[in-house]
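The structure appears right after this line, and notes come after that.
The values are calculated or read from the model by the stated rules, or taken from the named source; none is laboratory data. Every value quoted in this text rests on a predicted model; they were computed, and no experiment measured them. When we count neighbours, we look across all protein chains shown, and the Cβ atoms used for this are built from the backbone with ideal geometry, even at glycine.
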């Protein structure tokens, strides 16, 4: 029995030592390769996000950002919504809420779902884009809590995307293709790889 206990202890210590070495290697790899890449993405002029003051969100859209690229235009108003106008009071408002789908990822300002619906409704209803790329259900809830009072929409339509069920700090993370990790660096790097 003593021999078995010694062997088991040796195996456990060996595995623990191997994990520590592997974590150390991942820490080095992260600092040398991954961190500079994330920093470069964050500093790229096409990156329209900034760190959020709300820890539940990690990041948010950059207020007042505007860019034109390959015949596509993206504009974010001063409140951090994808909209051309800063006006907030309308007789009736409808919000399209969700992640990259209502946001209109990869689409011109005139092609995003809220703009298309705005063309159909005319001036009788203001359609607001409440979409932010990469947010899952937890972030979307926090986003709505912090942003609702700006426009106070009469109705909110949620665009469900299956990656909205992704959870931060878990193996199910990934709805934002790594955007979250630009602003929230993991302490242990081994699970990150």
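Condition check ((1) modelled with pLDDT of 75 or more; (2) surrounded by 13 or more Cβ atoms within 10 Å (Cβ to Cβ); (3) within 22 Å of residue 26 (Cα to Cα); (4) touching a strand residue (DSSP E or B) at 6+ places or on another chain (Cβ under 8 Å)) across all residues:
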site: 151; (1), (2), (3), (4): yes, yes, no, yes
site: 160; (1), (2), (3), (4): yes, no, no, yes
site: 166; (1), (2), (3), (4): no, yes, no, no
site: 170; (1), (2), (3), (4): no, no, yes, no
site: 174; (1), (2), (3), (4): no, yes, yes, no
site: 179; (1), (2), (3), (4): yes, yes, yes, yes
site: 186; (1), (2), (3), (4): yes, yes, yes, no
site: 190; (1), (2), (3), (4): yes, yes, yes, no
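Of the residues that make up segment 108-115, is at least one over 26 Å from residue 72 (Cβ atoms) and touching a residue at least 40 places away in the same chain (Cβ under 8 Å)? So far as segment 108-115 goes, no, none of its residues is over 26 Å from residue 72 (Cβ atoms) and touching a residue at least 40 places away in the same chain (Cβ under 8 Å).
Residues in segment 125-139 that are farther than 23 Å from residue 46 by Cα and modelled with pLDDT under 90: 137, 138. Residues in segment 24-47: is at least one touching a helix residue (DSSP H, G or I) at 6+ places or on another chain (Cβ under 9 Å), assigned to a strand (DSSP E or B) and surrounded by 11 or more Cβ atoms within 10 Å (Cβ to Cβ)? Within segment 24-47, not a single residue is touching a helix residue (DSSP H, G or I) at 6+ places or on another chain (Cβ under 9 Å), assigned to a strand (DSSP E or B) and surrounded by 11 or more Cβ atoms within 10 Å (Cβ to Cβ).
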